[in-house]
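Below is one structure, written out as structure tokens; comments come after it.
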Amino acid sequence: MDSHHMLQEIREQPQALGRILADTRPRIRAMVRAAWNTYHPSMFFLTGCGSSYYAAMIPAHYYTYSLGLNALALPSSEFVWYAPAPDGSSPILVSLSRSGRTSESVEAIRKARRVGMPSIAVTSDPASTMSEECDYSLDTGVTSEESVIMTKTFTGGALSVTLLGIEFSKAQGTNPIPQRFEDELGNLPEDMHRVVSAVDEQAKARAEAAKAKRFIYLGSGGNYASCLEGALKLRETSYAASECYHTMEFRHGPFAELEKGIQVISVAPKGKHAREQLALLKEIAATGANVLPISNEPTVTETFEDSIIMPESIGNELAPILYMAPLQLFAYYYAVKNGRNPDEPRNLTKFVTTEINSQT
Ligand code: F1P
């Protein structure tokens, strides 16, 4: 069934990412120049709701560990309820939202204004409430999905906020942008194309063979955010029980849940932690739980017959964006196999409007 919007939109991601790098990036440079000259921000609150919150967590990881920026990702509602007034640390709010209309994210922009904090809204709709009420509006250039489910606006939002951080980091001038970051950005659209081509059939086969009703996702670093989103995709489209943990946190309690019939999906890219990840996956498999690694590490994919094998040459820096494709495809094919319509999940709308009070 190739007729669902969700599948088409997953497959459109290489082009969407390419457009951001070619067309949105120059606008990001100009915006950051203006914001830097006016505010010199030194602390970044990155917010969103649902998928947009998880998308914001990916750049938060880059800001902190690769770009030398001080950043905190949190749900828009938490920012609205708890964000302090600036105390000399020159904070700025970057709020991510496909619609630009989600109540908590709109209210985050209003709260920032009330406490004297500048704000940037990153949306797919430059005419939205957030875009109109913020100090700086960034249209990612990725149009909203036809599906209720976020796919290309998730990876597009994560990339746009990452590019914002790269420009702020350059303006700050204290931390050279790692060369591997720029190299991987240059290859990202082509790499995403290679990933989608490589994993589409594999994800379909694994999803159609999956017998579990309960899924546990494991990821680390920026891939933890991707796994949170992968688990959410599965809940949204199939209503299946899914959880997510930081890879090495799993031994600290959740391990007790394991038994036959549970499916563990692990994002385990090659790199310096491959050996520890493999050891954990072997321990999990020994309990009788089913292990499905998504990996380009041969020692992992050769150990587990049920792997989704990622192209070996893709880099690690942008893995959290690239590994979204197999996670999205797995959720899509699992939903279709279970007779769900992934474009129109029950009880879900494209964005949420609710009452939220930011008065302090
Ligand atoms: C955020 C969001 C989506 C979710 C659902 C409700 O929307 O939580 O992530 O899939 O459709 O809204 P937005 O603020 O990014 O428009």
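Quick one: count up the residues across region 85-107 that are within 12 Å of the ligand (Cβ to nearest atom), farther than 17 Å from Ser160 by Cβ and out of contact with any Cys (no Cβ under 8 Å at 6 or more places or on another chain).
Residues that pass the stated criteria total 4.
Out of all the residues in region 113-129, which are among the aliphatic types (A, V, I, L, M) and within 16 Å of the ligand (Cβ to nearest atom)?
Of everything in region 113-129, those that are among the aliphatic types (A, V, I, L, M) and within 16 Å of the ligand (Cβ to nearest atom) turn out to be Ile120, Ala121, Val122, Ala127.
Would it be correct to say that Tyr82 is away from the ligand (no atom under 16 Å from the Cβ), assigned by TED's automatic domain parsing to the domain that holds Val148 and free of Cβ contacts under 8 Å to residues at least 12 places away in the same chain? Break it down into steps so the answer makes sense when it comes.
Details: away from the ligand (no atom under 16 Å from the Cβ): yes; assigned by TED's automatic domain parsing to the domain that holds Val148: yes; free of Cβ contacts under 8 Å to residues at least 12 places away in the same chain: yes.
Against the criterion (away from the ligand (no atom under 16 Å from the Cβ), assigned by TED's automatic domain parsing to the domain that holds Val148 and free of Cβ contacts under 8 Å to residues at least 12 places away in the same chain), Tyr82 qualifies.
For residues in region 258-303 being within 23 Å of Gln328 (Cβ to Cβ) and out of contact with any strand residue (DSSP E or B) (no Cβ under 9 Å at 6 or more places or on another chain), which is surrounded by the most Cβ atoms within 10 Å (Cβ to Cβ)?
That would be Glu297.
Looking for whichever is touching a Leu at 6+ places or on another chain (Cβ under 8 Å) and among the basic types (Lys, Arg) here; the options are Arg25, Arg19, Arg33. Which one fits?
Arg25
Out of Gly141, Gly157, Gly88, Gly100, I need the residue that is assigned to a loop (DSSP other than H, G, I, E, B) and buried (at least 23 other Cβ atoms within 10 Å of the Cβ). Which one?
When all the criteria are applied, what remains is Gly100.
Specify the residue that is surrounded by the fewest Cβ atoms within 10 Å (Cβ to Cβ); the eligible residues are those in region 304-360 that are away from the ligand (no atom under 16 Å from the Cβ) and of a type in the set (Val, Ile, Thr).
That would be Thr360.
Every residue in region 147-187 that is within 13 Å of the ligand (Cβ to nearest atom) and over 19 Å from Tyr63 (Cα atoms), please.
Ser147, Val148, Ile149, Met150, Thr151, Lys152, Thr153
Considering only region 230-257, state which residues are surrounded by fewer than 22 Cβ atoms within 10 Å (Cβ to Cβ) and touching a residue at least 40 places away in the same chain (Cβ under 8 Å).
Tyr239, Ala240, Glu257 - these are the residues of region 230-257 that are surrounded by fewer than 22 Cβ atoms within 10 Å (Cβ to Cβ) and touching a residue at least 40 places away in the same chain (Cβ under 8 Å).
The values are calculated or read from the model by the stated rules, or taken from the named source; none is laboratory data. Predicted model, so just to flag it, every value in this text is computed and none were measured. Backbone-built Cβ (ideal geometry, glycine too); neighbour counts: all protein chains shown.
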